[in-house]
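Notes for the one structure printed next.
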Amino acid sequence: LRSLHVPLWNPYLYSGAPFLADIQSSVFYPATLLLATLPIQVTYRQLEFLSVFHFWWAGAAMYITLRAWYRPALARPAALLGAAAFALSDVFFTHFGNLNLIAGASWLPLVLLGARLGGPGGVLLGAGALAMSALAGHTQPLVMILLALAVYAVLAVGDWLAGRLRPGGAIADTGAGPGRTLLSIDGITLLGLGMAALVLLPA
């Protein structure tokens, strides 16, 4: 990368192996690019610092999401508790040595917040976070985030249907349906995966 060559191949592993096409190389993840382009020798300790940073980032992203999700906003102590619970949860704590996994998982809150907010801004936020999760280089968090979006879509439809049913079983006119939410989720998914195609297609 420092010599402006895309690392397609790793000649140092076995008899050679794909590098860019190995998604866990996370070649184009911004944190990886930053480390690769700095004029320093990258050590394992710096990768550990990146893991610690993603603990903080997961908590910060969840705090932002919890504060923005509700109207009126969730109280700061409650949002802080939720953020700490997420950042120090099993998926992060157990996988401290798996930088790709925790980096990918740390973007989950902002993907869901984008779906919650909707509109062009929400789609851009969610798609950008989804692309970052994919670029981080681990397929399991990416698939789990896509499943979370699917669950959110089902809940949005179910909530709308429940609101339309009166206690007597009749249908009530509650205005707009879940179309805006579903459109936002579709936009986030397509745009986010498209933005990460540079990594996903070779993988």
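Data for the structure
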{"quantity": "Those residues of the stretch 170-200 which are at pLDDT 95 or above and assigned to a loop (DSSP other than H, G, I, E, B), in sequence order", "calculated": "ALA196"}
{"quantity": "Helices (runs of 4 or more DSSP H) (entirely within the stretch 38-127) containing at least 3 residues that are at pLDDT below 95 and surrounded by fewer than 16 Cβ atoms within 10 Å (Cβ to Cβ)", "calculated": "44-69"}
{"quantity": "Filter result (in a helix (DSSP H, G or I) and in contact with a Ser or Thr (Cβ under 9 Å, 6 or more places away or on another chain)) within the stretch 133-149", "calculated": "SER133, LEU135, ALA136, PRO141, LEU142, ILE145, LEU146, LEU149"}
{"quantity": "In the stretch 115-137, the residues that are under 11 Å from the mean Cα position of the chain (by Cα) and within 14 Å of GLN24 (Cα to Cα)", "calculated": "MET132, SER133, ALA134, LEU135, ALA136"}
{"quantity": "In the stretch 17-37, residue most open to solvent (accessible area, probe 1.4 Å) [restricted to those that are part of a helix (DSSP H, G or I) and β-branched (Val, Ile, Thr)]", "calculated": "THR37"}
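The values are calculated or read from the model by the stated rules, or taken from the named source; none is laboratory data. Remember, it's a predicted structure, so these values are computed and weren't measured experimentally. Quick reminder, even Gly has a Cβ in these numbers, built from the backbone with ideal geometry, and neighbours come from all protein chains shown. Heads up: the accessible areas ignore ligands, DNA and RNA and are worked out on the full protein's heavy atoms, side chains in. Shrake-Rupley method; radii C 1.70, N 1.55, O 1.52, S 1.80 Å.
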